[in-house]
1. Just to check your reading of the model, which residue among Asn100, Asn58 is in contact with a strand residue (DSSP E or B) (Cβ under 9 Å, 6 or more places away or on another chain), open to solvent by 60 Å² or more (accessible area, probe 1.4 Å) and either small (Gly, Ala, Ser) or outside any loop (DSSP other than H, G, I, E, B) (or both)?
2. Give just the number: which of (1) aliphatic (A, V, I, L, M); (2) surrounded by 20 or more Cβ atoms within 10 Å (Cβ to Cβ); (3) assigned to a loop (DSSP other than H, G, I, E, B) does Ala51 not satisfy?
3. Taking into account only those residues within segment 197-227 that are within 21 Å of the chain's Cα centre (by Cα) and polar (S, T, N, Q), which is surrounded by the fewest Cβ atoms within 10 Å (Cβ to Cβ)?
4. Please work out if Glu77 is modelled with pLDDT of 95 or more, among the charged types (D, E, K, R) and within 17 Å of the chain's Cα centre (by Cα).
5. Just checking, which of Asn150, Asn184, Asn176 is of a type in the set (S, T, N, Q), part of a loop (DSSP other than H, G, I, E, B), at negative phi and surrounded by 18 or more Cβ atoms within 10 Å (Cβ to Cβ)?
6. When both residues are 6+ apart or on different chains and their Cβ atoms are under 6 Å apart, which pairs have a first residue that lies in segment 174-194 and is within 12 Å of Thr153 (Cβ to Cβ) and in contact (Cβ under 8 Å) with a residue 60 or more places away in the chain, and a second that is open to solvent by 40 Å² or more (accessible area, probe 1.4 Å) and of a type outside the set (A, V, I, L, M, F, W, C)?
Amino acid sequence: MVVTIVTAGGVGLSTSSTAFDTYNPGWDGTSELRDVAAANASVEIEQSTVAYTQQSPNTTTAFIISPTTSYAGTDDERIASFLSQGGTVVVASDFDSHTNPLLAQLGVETRFNQQLVRDERHYFRGPDLPVATNISSTPLLENVSRLTLNHGTTLTPGPNSTTLATTSEFAYLDANQNGSLDANESLSERSIVVRESYGSGEVILVSDPSIFINSMLDAPDNRRFAKNLAADADTVVFDYSHRTGIPLAVGIVLSIADSPLLQFLVITVLAGIGATAWKGGGLALWRRGSSAEADLTEAGLSHAEITARITARHPEWDDGRVERVARGIMSDESNEGKE
């Protein structure tokens with residue numbers, strides 16, 4: 001029962017139930033996306049935008065997936081510097097209120113429309129899961145013939161952006177979310193993947209983060225798209241600096257890994273615990289050895305008698321050891337007599 005409780009507690013502290021979390025193995029988590037990235041690259045989960053200053057931009061791809069808090073202070077400056085030096089940032093979002101402000105802070109021109117896109121002609125399991133059928137011929141979309149959304153939105157590209165994938169011409173934005181095409185809603189191709197150059201780097205914008213969740217990764221051709229996004233990177237960073245839900249145990253480990261001071265404190269504490277345990281164990285062992293001969297310290301026993309009793313009790317001991325123990329007992333008797 002103890003093993004079960006400890007195991008369950010460990011799993012609970014190291015996994016998450018938060019949507020889009022890389023430590024969430026459920027249907028709405030992105031644990032499989034992390035595995036896809038780890039197949040060819042080193043994966044880092046980061047809780048601070050300081051990580052952008054610690055990477056080699058030309059060989060690093062960072063994922064920002066549906067942030068839950070606003071980027072502020074010097075966050076945008078760190079990301080901008082990373083991009084300018086050749087980094088790649090994949091921004092996947094839909095209806096949150098933090099992504100478009102971040103794009104504005106960075107000077108990225110593309111925006112998320114934040115209205116539900118539907119397609120009643122080309123879809124996966126229903127019109128709310130539209131299938132993008134117009135895919136550009138580019139290495140980023142190699143072996144990808146379509147992409148499958150799940151209650152996603154679309155993108156409004158900037159004047160200097162390049163659209164890489166769009167819905168079919170039968171898609172529309174369901175502004176009032178009544179599940180049908182109204183007179184004021186029009187059918188048209190809608191951008192869902194856009195590339196925008198930024199200095200020596202680039203931003204890849206994806207209009208639905210659900211493309212990357214565990215339950216959608218095997219929908220056509222989402223997994224291949226995810227592989228392509230990470231294919232040229234030596235390091236893939238998942239930017240969780242502005243997302244909640246990182247498991248407690250994982251958060252503690254990540255915090256220690258990011259802080260030399262915390263590493264020193266942990267090592268010091270562990271060393272102290274180890275020293276205390278060793279000292280306590282050694283003392284207990286000595287006490288057990290002493291108590292084993294306690295009854296030999298009866299007053300009046302001669303050295304020869306004590307030696308004889310020790311030899312009878314421990315025939316496996318050599319003469320030297322018997323003599324040392326006997327002397328120790330005689331010494332204890334002498335000290336007690338003085339007291």
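1. Only one candidate qualifies: Asn58.
2. (3)
3. Going through the qualifying residues, I end up with Ser215.
4. Details: modelled with pLDDT of 95 or more: yes; among the charged types (D, E, K, R): yes; within 17 Å of the chain's Cα centre (by Cα): no.
Criteria not met by Glu77.
5. Just a single option satisfies the conditions, and that option is Asn150.
6. So the pair list comes out as Ala175/Gln115.
The values are calculated or read from the model by the stated rules, or taken from the named source; none is laboratory data. Because the structure is predicted, anything quoted here is derived from the model rather than measured. All Cβ positions, glycine included, derive from the backbone under ideal geometry; neighbour counts span all protein chains shown. Heads up: the accessible areas ignore ligands, DNA and RNA and are worked out on the full protein's heavy atoms, side chains in. Shrake-Rupley method; radii C 1.70, N 1.55, O 1.52, S 1.80 Å.
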